[in-house]
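The values are calculated or read from the model by the stated rules, or taken from the named source; none is laboratory data. Predicted, not measured: the structure shown is a model, and the values here were computed from it. Virtual Cβ from ideal backbone geometry, glycine too; neighbours counted across all protein chains shown. Heads up: the accessible areas ignore ligands, DNA and RNA and are worked out on the full protein's heavy atoms, side chains in. Shrake-Rupley method; radii C 1.70, N 1.55, O 1.52, S 1.80 Å.
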Amino acid sequence: MKEFIEREKGRLQALFEPFNTRGSWMTLADKGRTPVRVGIVDGFTVTRVAPQFDAGGDVTRVDFWLLIRLSGYDEGFQHAHTIKVVSWSQDDTYLLDLLDDRDRRFHIELIFPDQEPNEAADWKRWRDYKAGNLDRFERIDAELLTEHTRITEEWE
């Protein structure tokens, strides 16, 4: 089982690689509410994987917990969130839709510099800022990963 979980965690993390390296923005759509553009995302990290089984012991689906770091996450806890993903879909390589355990839909899109020059410029400024503060972000990232991994382990 441990090997299965590690393999799934790697497979799921690979889904987010283009979004982590090329930049993305995210929208949150809560049931019955107008979708809200959350902003530019610094990165997505799969922190935990939990296979769900049927009565026969076969895996029916895999839930996973995702740490989402928005640009500016060094400015406070409100820029880093963990969600439990119970369903996801990807129709195109540049789009990803997630459904969490609270029935919220997270729509993620890659930034296309020729179509979204403002977002591309914001992404570049953010990445340059991070690159200029590597020591600070290594510490912040380690603290966030520890804290959000603990959150997932306590999640019911």
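Computed values, structure above
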| read-out | value |
| --- | --- |
| Cα centre as origin, Lys/Arg/Asp/Glu Cβ charges: the chain dipole, Debye | 140 debye |
| Cβ crowding within 10 Å averaged over residues, with 131-139, 61-69, 95-103, 5-13 ranked highest first | 61-69, 95-103, 5-13, 131-139 |
| Selection from V86, F137, N118 lying farthest towards where the dipole of region 42-156 points positive, charges on Cβ | F137 |
| Average accessible area per residue (Å²) across region 11-156 - probe 1.4 Å, nucleic acids and ligands excluded | 56 Å² |
| Rel. contact order, % - alpha carbon contacts under 8 angstrom, at least six apart, the chain | 21 percent |
| Charge tally in the Cβ shell below 10 Å around R136, where Lys, Arg are +1 and Asp, Glu are -1, R136 excluded | -2 |
| Cα convex hull of the chain, projected area averaged across orientations, nm² | 10.6 nm² |
| Stokes-Einstein D (µm²/s) once Rh is taken as the Kirkwood radius of region 80-149 over alpha-carbon pairs, at 4 °C in 1.567 mPa s | 88 µm²/s |
| Nearest-ten-degree value, helix 134-154 long axis tilted from longest Cα axis of the chain | 30 degrees |
| Taking only Cα atoms of region 14-84, radius of gyration then Dmax in Å | 15.0, 48 |
| Heavy-atom accessible surface of region 13-139: percent carbon and sulfur, 1.4 Å | 49 percent |
| Ratio of the Cα radius of gyration of region 52-101 to 2.2 N^0.38 Å, where N counts its residues | 1.51 |
